[in-house]
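See structure below.
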Amino acid sequence: MRRIKILEEKFFVILSAFMTYSLIAVLGFIILVIFVKGYSALDWDMVLKTPKGGYYYGGEGGVLNAIVGSVYIAFGATLIAIFIGMPAALYINVQLVRYKRTQNTIRYFLDALWGIPSIVYGAFGFALMLFFGMNASLLAGIITVALLISPIMVRTFDEVLSTIPKGLHEASLALGSTRTETAFKVMFKQGFPGFITAVLLSFGRGIGDAASVLFTAGYTDRVPTNLDEPAATLPLAIFFQLGSPIPEVRDRAFASSIILTVIILIISLTARYLSKRYSKTNLK
Amino acid sequence: MFLTETETVSRQSDKLTVKNEVQLPILRVQHLNVFAAQNHILKDVNLEIPRNKVTVLLGPSGCGKTTLLKCINKLTDLYRELRVSGRIFIESEDILHTSTNIPSIRQKMGLLSQRPFPLPVSIYKNVSYGLKLKGIRDKKLIDFSVEKHLREVGLWEEVKHRLNAPATSLSIGQQQRLCLARGLAVKPSIILADEPTSALDPISSKIIENLFRDLKKHYTIILVTHVLRQAIRLADHVIFMYDGEIIEQGSPEELFGNPQTDKLRAYLVDGN
Ligand SMILES: Nc1ncnc2c1ncn2[C@@H]1O[C@H](COP(=O)(O)OP(=O)(O)OP(=O)(O)O)[C@@H](O)[C@H]1O
Ligand SMILES: [Mg+2]
């Protein structure tokens, strides 16, 4: 009996350890492949130049247009999503504390929105664009991506806010704070690491998504200088280059992937640093 | 029967000094009923809380002590399932039927909960928080007040060199005193303490008890405790609850020395 228990314990420990490390290994493998394939094509021209004539046939140039376009769209959309998502998440957790059913209904709808494939957001943004007589542009891309990532922002932040002990909420009210003061001075502060995670996830999803910007942001070889100009994006740049029959161009797709990964890595490290730095005073 | 000679004497002298003032109770609760979906939590509760005294609320777990405190500072608002009816007068204002805004009612009371919940800011800002809410901006005045209230709870010497450190870096006992200081800074007249020492070590508990003994000169204290000895040490007035009802209330001599009901007698013997 005891022997079986010990064996069983051993088996599950090994199994779960194996699963955990294989996930990490897969991640490492993905990054490795991208680096190996893209390394040869990666040079400063890739990062600092826009595509010149013949770039897509192996000619001179880089993907600066897509880097700038992606960063603009992801930042713009994340900013809008913060303005929508932060108050919304605080509202759900502070103003609606009394209303458990309403809270759960809202969460259910947000989860549904989260689950909608991004091509559907793309189609919706496209319809919206036509309705307002807009062309594919940076602005249309930003708005569409903002719609795509807002539910992620709200739900991720909300998930953390909802774990804040009720006692802290009550302590703040007992001191005479209004609900708004409780939301912004206490709950936001206590939920700050969650807020950072929310921003990070939203940004990552926004910068990496191809389907939602395909019809709304368009594609161009120029760096956009205006909100109503079309904008290129890294995921689409990868897509176009990967589809090329020329091997050098396909390598550039991998180089573009490296660039995208590095951008996300930088944002993620900055966010972690900020979250650490500003949550020292938080209740553990 | 639990009181020592000297405690009885000191209580007598307490009574003498206040005899000349008209002692209206600071808080009166009348026909307070609280219903939840399934149960009747507080059943026609009537009580009076004497001013500048320690009133101890006793009763077995689940009898409604916390709920009563939450009614008094209107934290029941956070729970939609709780329906509250009756009257609660603070001074002469019925806080259940008033147009005064809720935050300013809550500022008449400081709350100390079972476990300390420091705000996620520095030690200094925990104490200044309530002052800022009241619109006080004068840095000197805030500094003064922070020091005064930290001294009041005996924390000043321990933290004066690290006022900007996170409040969570304090020990649990220190955090509880910080929460008390933070509450006192908004100038309440009543302190609601819900088992404030149950998460604390014996020494911190003693400190809190001693604080209460001093603070009652200026504040009315309502203390929920499960520690009978603590009740005996601190109480000027005792309320015994059982299953949502007030069974007995009166002086500690009456309740501890001469309990009238079997329920209280049983509670005094085995604590529930
Ligand atoms: N929001 C609520 N909904 C339903 N029932 C509740 C709610 N809050 C409290 N109760 C019930 O009311 C009763 C009294 O609870 P309360 O927390 O006031 O007891 P207590 O006297 O403080 O107990 P303890 O000494 O264990 O802290 C309990 O039976 C509890 O289950
Ligand atoms: Mg309780």
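The values are calculated or read from the model by the stated rules, or taken from the named source; none is laboratory data. Because the structure is predicted, anything quoted here is derived from the model rather than measured. Methodologically, a virtual Cβ is constructed for each residue, glycine included, from the backbone with ideal geometry; neighbour enumeration extends over all protein chains shown. Protein only, heavy atoms only, side chains kept; ligands, DNA and RNA dropped before computing areas. Shrake-Rupley method; radii C 1.70, N 1.55, O 1.52, S 1.80 Å.
Side notes on the structure shown:
- Qualifying position, being buried (at least 19 other Cβ atoms within 10 Å of the Cβ) and touching a strand residue (DSSP E or B) at 6+ places or on another chain (Cβ under 9 Å), among B:S85, B:S122: B:S122
- Residue identified as open to solvent by less than 40 Å² (accessible area, probe 1.4 Å), modelled with pLDDT of 95 or more and aliphatic (A, V, I, L, M) among A:A140, A:A127, A:A123: A:A140
- Failed condition for B:Y124, given (1) more than 16 Å from ligand 2 (Cβ to nearest atom); (2) modelled with pLDDT under 95: (2)
- Scope the range B:37-71; condition more than 7 Å from ligand 1 (Cβ to nearest atom) and within 14 Å of another protein chain (Cβ to nearest Cβ); matching residues: B:L69, B:K70, B:C71
- Output for the range B:125-140, where each listed residue is open to solvent by 20 Å² or more (accessible area, probe 1.4 Å) and aliphatic (A, V, I, L, M): B:L133, B:I136
- Checked against (1) more than 30 Å from A:K284 (Cβ to Cβ); (2) aromatic (F, W, Y); (3) surrounded by 20 or more Cβ atoms within 10 Å (Cβ to Cβ), A:F215 meets all criteria but (3).
- Candidate set from the range B:89-116 (those that are part of a strand (DSSP E or B) and within 16 Å of ligand 2 (Cβ to nearest atom)); member that is nearest to the other protein chains (Cβ to nearest Cβ): B:L111
- The set of residues from the range B:189-222 being in contact with a strand residue (DSSP E or B) (Cβ under 7 Å, 6 or more places away or on another chain), open to solvent by 10 Å² or more (accessible area, probe 1.4 Å) and either within 16 Å of ligand 1 (Cβ to nearest atom) or within 14 Å of chain A (Cβ to nearest Cβ) (or both) comprises B:S189, B:D194, B:E195.
- Among the residues of the range A:269-284, those identified as more than 14 Å from chain B (Cβ to nearest Cβ) and buried (at least 16 other Cβ atoms within 10 Å of the Cβ) are A:A271, A:L274.
- Yes/no for B:V186 being open to solvent by 10 Å² or more (accessible area, probe 1.4 Å) and β-branched (V, I, T): no
- Considering residues of the range A:48-86 that are exposed (fewer than 15 other Cβ atoms within 10 Å of the Cβ) and part of a helix (DSSP H, G or I) only, the residue modelled with the lowest pLDDT: A:Y57
- Any chance B:T225 is touching a Ser or Thr at 6+ places or on another chain (Cβ under 7 Å), within 16 Å of ligand 2 (Cβ to nearest atom), more than 14 Å from every other protein chain (Cβ to nearest Cβ) and open to solvent by less than 30 Å² (accessible area, probe 1.4 Å): no
- Of the residues B:R87, B:R83, the single one that is within 11 Å of ligand 1 (Cβ to nearest atom) and among the basic types (K, R) is B:R83.
- Selection count, the range B:55-88, where residues are within 12 Å of ligand 2 (Cβ to nearest atom) and within 17 Å of A:G176 (Cβ to Cβ): 2
- For the range B:164-176, the criterion of being within 14 Å of another protein chain (Cβ to nearest Cβ), surrounded by 15 or more Cβ atoms within 10 Å (Cβ to Cβ), assigned to a helix (DSSP H, G or I) and touching a strand residue (DSSP E or B) at 6+ places or on another chain (Cβ under 8 Å) is satisfied by at least one residue.
- Unique match (being loosely packed, with under 12 Cβ neighbours inside 10 Å and more than 30 Å from A:E60 (Cα to Cα)) among A:L15, A:L32: A:L15
- Residue within the range A:193-203 that is open to solvent by less than 10 Å² (accessible area, probe 1.4 Å), within 14 Å of chain B (Cβ to nearest Cβ) and in contact with a Gly (Cβ under 9 Å, 6 or more places away or on another chain) present: no
- Residue among A:T180, A:T163 that alone is open to solvent by 50 Å² or more (accessible area, probe 1.4 Å), under 30 Å from B:I136 (Cβ atoms) and of a type in the set (V, I, T): A:T180
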